[in-house]
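Before any comments, here is the structure.
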Amino acid sequence: MSRKMSLSACLLCCAFASLIGCSFFHKSEPAKAPETVKQNQGSTFEWGERKWELYMKDNGGVSYYFDKGSVTFPSKNVVHVWRKREFPAQTADARHTSSNMKEITSIDEFDCSEGRYRSLEVLGLKWDGTTTELFRKPTPWGIVYDGTAEDYFLNNYCGQAKKDK
């Protein structure tokens with residue numbers, strides 16, 4: 001399978017997992033706001049206001065943001081960063097797919113030596129303004145492919161993470 005086809009298959013799987021996976025977090029009652037999450041759900045990370053900086057927009061209309069001030073290097077070859085993905089609203093444009101989520105915020109971990117990433121905690125915001133339940137179990141590791149939103153961090157922050165801690 002060519003690299004281009006592998007990338008397309010991976011992106012399709014990630015999009016599907018984002019759309020379907022977040023629906024597993026659904027509660028019949030409205031979930032708590034992110035500010036309440038850090039107090040009531042035992043998060044080990046500081047959920048709250050972030051200074052979001054746009055760093056990529058993909059062909060599907062998804063905008064990718066990160067909080068530059070949150071980038072940390074907890075150990076050699078490891079990067080932690082707060083990221084947010086905003087999904088486009090339903091449009092007539094076939095290139096843009098809609099999601100049942102308006103946005104997904106996560107604290108992500110990048111393993112620079114292995115070229116992989118995972119989310120440590122995830123919280124989704126639905127189109128009606130309610131949030132999903134805070135998902136605190138790390139996701140499985142995913143491979144970072146060239147030209148993806150995740151590749152940005154390998155290219156721009158892994159050099160700092162490779163320094164001895």
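Brief remarks follow.
- Considered as a group, the residues in the range 99-151 that are out of contact with any helix residue (DSSP H, G or I) (no Cβ under 7 Å at 6 or more places or on another chain), in a loop (DSSP other than H, G, I, E, B) and among the charged types (D, E, K, R) include one that is nearest to residue 80 (Cα to Cα), and that residue is 150.
- Complete set of residues in the range 107-165 that are free of Cβ contacts under 8 Å to residues at least 40 places away in the same chain, surrounded by 14 or more Cβ atoms within 10 Å (Cβ to Cβ) and among the basic types (Lys, Arg): 116, 118, 126
Only the coordinates and a few stated rules stand behind these numbers; no lab work does. What you see is a predicted model, and the numbers here were worked out from it, not measured in a lab. Cβ sites come from the backbone with ideal geometry, for glycine too, and all protein chains shown count toward neighbours.
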